[in-house]
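Presented below is the structure to which this report refers.
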Amino acid sequence: MDKTPRDSALMTDRRHFLGAATAMGAIAATAGHGTAIGVSVANAQTSAGSAARTTATGPVLTRTIGRTNESLPALGLGTFLTFDLLPGRNRDALREVTRTYVDAGVRVIDTSPLYGTSEVSVGAFLNAMGMADRMFISNKIWSTGDYLADESHALASMEQSRLRLWRDKIDVFHCHSLVNVDAIVPLLRAWKKEGRIRYVGASVHENDYHPMLAGLIDKDLVDFIQVNYSIFNRNAEERILRAAMDKGVGVLTNMPLEKGRLHKIVDGRPLPDFARDIAAENWAQFFIKWVMGHPAVTTVLAATSNPDHAAENVGALRGPQPDQSMRQRMARHMESIGGFTNLAAMQWYPDKQGMYQGVIRRSQAALRQRTS
């Protein structure tokens, strides 16, 4: 299903924001699969303060990166928009989200200098927990310098990220949204050779860039990729995931919940009876486990600013995972629900447009005002 999520009205799409900015001048956790856990009927992801904490037990689901001997938990924490708060705003909820993920066995966090104040919060929280050097950090680069092969801007960005995240070395740096990819990827490969970073990556969140991302995999230029993939948007299966498996490339996936839109579609609906076969206790786990079920996927990045939603999400780390037959059944069930095929036309985070008002949204609003 070739659908590209967009929200042109609010310009929350990262590619649109990057384009505007450019125009303006510019671990391992315990291996193994868990056993079945109790299942309760659940509706869409609940509002703050009302979700029951997950009680899932058993080993954390991990995946081994094909070309390495390193294993990572199958769930990670994403931070785009959700971790961006204006300076001075209360960050207690974000601290609790981070703690919930870490306590559940999550050891992968994805962030970026482009994510507003995300890096600052992630670094502060992990350092306070004594986990700053025990997490697998996925980060991003999207600039080089004033002229071809000038690494000054990229190097400054990396050094700033190291300071914010309390890390001497970042695990994987992605060429973010494939911006300046012909210059950035060779630079990242040089940094890896020099011991500055561990892995070279490339990240996208729109289907339009899948062919270019697949080309990087085919040419053995990256160790990791990050790609948009969900029960709704399955375009990555056509080339990306197959190529990654063939080349032993680690795969991080973003937008498994389609920025709240999947929950909007199922709002008020009970889980199907067969969800108990994969121990899905709520819709979040249903959607996350569907993505985890693909054998090419290393880690699913699920973002939230709500501690109760975080508690729901981390339950997907344990219990049985869907095989291909079950994944097909899950997809057919969603396709039978009215409005599912039109999900791409919905705004991100429906009914929550007042949320995530950090420096990103503030800057976007200011830019719209200047250009209106």
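The values are calculated or read from the model by the stated rules, or taken from the named source; none is laboratory data. Keep in mind it's a predicted model, so treat the numbers as computed, not measured. In this analysis, Cβ positions are derived from the backbone assuming ideal geometry, glycine residues included, and neighbour counts consider all displayed protein chains. Heads up: the accessible areas ignore ligands, DNA and RNA and are worked out on the full protein's heavy atoms, side chains in. Shrake-Rupley method; radii C 1.70, N 1.55, O 1.52, S 1.80 Å.
With 0.36 nm allotted per residue and the present C-alpha distance subtracted, the THR68-ASN127 stretch has 18.5 nm of extension available. Other residues lying with their Cβ under 15 Å from the Cβ of ARG329 contribute a combined charge of +1, Lys and Arg counting +1, Asp and Glu -1.
Arrange the peptides 84-90, 110-116 so that the one whose residues have, on average, the most other Cβ atoms within 10 Å appears first.
110-116, 84-90
What a 1.4 Å probe finds exposed on segment 72-230 is 51% carbon and sulfur by accessible area, rounded to a whole percent. For segment 213-277, chymotrypsin sites (Phe, Trp or Tyr not before Pro) meeting the loop criterion (DSSP other than H, G, I, E, B) and having at most 14 other Cβ atoms within 10 Å: none. Would you give the gap between the C-alpha center of segment 177-198 and the C-alpha center of segment 253-276, rounded to a whole Å? About 36 Å separates the Cα centre of segment 177-198 from the one of segment 253-276. Taking every alpha-carbon pair under 8 Å whose residues sit at least 6 apart, segment 167-273 reaches a relative contact order of 23 percent. Which of rounded, prolate or oblate describes segment 220-372 when judged by the alpha-carbon gyration tensor and an a/c cut-off of 1.5? Oblate. Remark: relative contact order (segment 67-179) = 25 percent; criterion is Cα-Cα distance under 8 angstrom and separation of 6 or more residues. Counting other C-beta atoms within 10 Å, and keeping those with at most 11, which DSSP coil GluC sites (Glu not before Pro) do you find in segment 147-248? Here the GluC sites (Glu not before Pro) that fit, given the DSSP loop and packing criteria, are GLU194.
Can you tell me, using C-alpha contacts under 8 Å and at least 6 residues apart, the relative contact order of segment 188-238 as a whole percent?
Once divided by the residue count of segment 188-238, the mean separation gives 36 percent.
Between PHE274 and ASP351, the FRET efficiency from the beta-carbon distance, with R0 = 41 Å, is close to 0.90. Count charges around VAL60 for me, please; just the other residues with Cβ under 13 Å from its Cβ, Lys/Arg as +1, Asp/Glu as -1. Taking every other residue near VAL60 into account, the sum is +2.
In summary, the lysines within cross-link reach of LYS352, defined as a Cα separation below 21 angstrom excluding same-chain residues under 8 places away, comprise LYS259, LYS264. Within a straight-line Cα-Cα reach of under 25 Å, LYS192 can be paired with the following lysines, leaving aside sequence neighbours fewer than 8 residues apart in one chain: LYS140, LYS169, LYS219, LYS247. Here each label is just a point 7 Å from Cα along the line to Cβ, and for ALA190 and SER363 those points are 2.5 nm apart. Separation of segment 306-372 from segment 80-154 is 20 Å, based on Cα centroids.
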